[in-house]
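To keep things clear, I will list the structure first and then write my remarks on it.
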Amino acid sequence: MIHINIGSNLDSKYGTKFKNISIAINLLIGLKLKIKKISNFYETPSYPNKKLPKFANIGLLAEYNFSYTKLIKEISFIEKKIGRVKSKKNDPRVCDIDIIDFNGLIKVNKLLKLPHPRSHSRNFVLYPIKEIDPKWIHPIFKKNVDFLINQLSQNSRIEITRLRKSVII
């Protein structure tokens, strides 16, 4: 199974940050990503500058019959289509799509690192995974999602909010 995280903290020409995420999911479906589960939206402060707009994130559990290299190229195309402009690290963005886990593959190259190198320490990744795949085990650390959430700081565990808002596809 493949875990993908999609986030946004800026409006785009398509609408709100929530609309950006819904559009990204629909575009992924159009590119033959088979969505099995979608988490609720989660909201977190921007990092490291909490004065910037809050992020909305969702997690996807999916299947994909092509390579991770094809998927990463398609993700880059979708981010640009929605209006993402590459800028400084941690700057606000209209769309950010990350492959968190691609069928348990461990890979490091110029294109990407699998699993995502900071997935184990990000509340906005772990909480959606817990919702849609509570038995998920990190491919490198061999720890389940509950263990990883318990390793987060207290602040990281309380500054995330599960919204009563679902993706529209």
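Do you know which residues across region 39-57 are over 14 Å from Cys95 (Cα atoms) and among the basic types (Lys, Arg)?
Listed by number, the residues that qualify are Lys50, Lys51.
Counting only residues that are in contact with a helix residue (DSSP H, G or I) (Cβ under 7 Å, 6 or more places away or on another chain) and part of a strand (DSSP E or B), how many does region 1-22 have?
6
Only residues that are under 17 Å from Lys36 (Cα atoms) and touching a helix residue (DSSP H, G or I) at 6+ places or on another chain (Cβ under 6 Å): list them for region 126-169, please.
Ile129, Lys130, Trp136, Val167, Ile168, Ile169
Restricting the search to region 23-46, which residues are closer than 19 Å to Leu163 by Cα, out of contact with any Pro (no Cβ under 6 Å at 6 or more places or on another chain) and assigned to a loop (DSSP other than H, G, I, E, B)?
Asn40, Phe41, Pro45, Ser46
Has region 87-107 got at least one residue that is at pLDDT 95 or above, at positive phi, small (Gly, Ala, Ser) and not in a strand (DSSP E or B)?
yes
What are the residues in region 82-111 that are surrounded by fewer than 20 Cβ atoms within 10 Å (Cβ to Cβ) and over 23 Å from Ser46 (Cα atoms), if any?
Within region 82-111, Asn103, Gly104, Leu105, Ile106, Lys107, Val108, Asn109, Lys110, Leu111 meet the criteria.
Any residue at all in region 65-72 that's touching a His at 6+ places or on another chain (Cβ under 6 Å), surrounded by 21 or more Cβ atoms within 10 Å (Cβ to Cβ) and farther than 21 Å from Ser46 by Cα?
no
Evaluate region 48-58: report whether one residue or more is modelled with pLDDT of 95 or more, out of contact with any helix residue (DSSP H, G or I) (no Cβ under 6 Å at 6 or more places or on another chain), assigned to a loop (DSSP other than H, G, I, E, B) and within 18 Å of Met1 (Cα to Cα).
Scanning region 48-58 turns up no residue that is modelled with pLDDT of 95 or more, out of contact with any helix residue (DSSP H, G or I) (no Cβ under 6 Å at 6 or more places or on another chain), assigned to a loop (DSSP other than H, G, I, E, B) and within 18 Å of Met1 (Cα to Cα).
Return the residues of region 132-169 that are out of contact with any strand residue (DSSP E or B) (no Cβ under 7 Å at 6 or more places or on another chain) and part of a helix (DSSP H, G or I); say none if nothing qualifies.
Those that are out of contact with any strand residue (DSSP E or B) (no Cβ under 7 Å at 6 or more places or on another chain) and part of a helix (DSSP H, G or I): Val145, Asp146, Phe147, Leu148, Ile149, Asn150, Gln151, Gln154, Asn155, Ser156, Arg157, Ile158.
Taking Ser119 as the residue in question, decide whether it is polar (S, T, N, Q) and buried (at least 20 other Cβ atoms within 10 Å of the Cβ).
For Ser119, the condition - polar (S, T, N, Q) and buried (at least 20 other Cβ atoms within 10 Å of the Cβ) - is met.
Out of the residues in region 54-75 that are of a type in the set (Phe, Trp, Tyr) and more than 19 Å from Asn20 (Cα to Cα), state the one that is farthest from the chain's Cα centre (by Cα).
Phe66
Being at pLDDT 95 or above and either more than 20 Å from Glu131 (Cα to Cα) or of a type outside the set (Val, Ile, Thr) (or both) is the filter here; which residues of region 31-44 pass it?
Across region 31-44, the qualifying residues are Leu33, Lys34, Lys36, Lys37, Ser39, Asn40, Phe41, Tyr42, Glu43.
Hey, does region 45-52 have a residue that's of a type in the set (A, V, I, L, M, F, W, C) and either more than 23 Å from Arg118 (Cα to Cα) or crowded, with 20+ Cβ neighbours inside 10 Å (or both)?
no
The values are calculated or read from the model by the stated rules, or taken from the named source; none is laboratory data. Predicted model only: the values in this text are computed from it and were never measured. With ideal geometry, Cβ positions are generated from the backbone for all residues, glycine too; neighbour counts draw on all protein chains shown.
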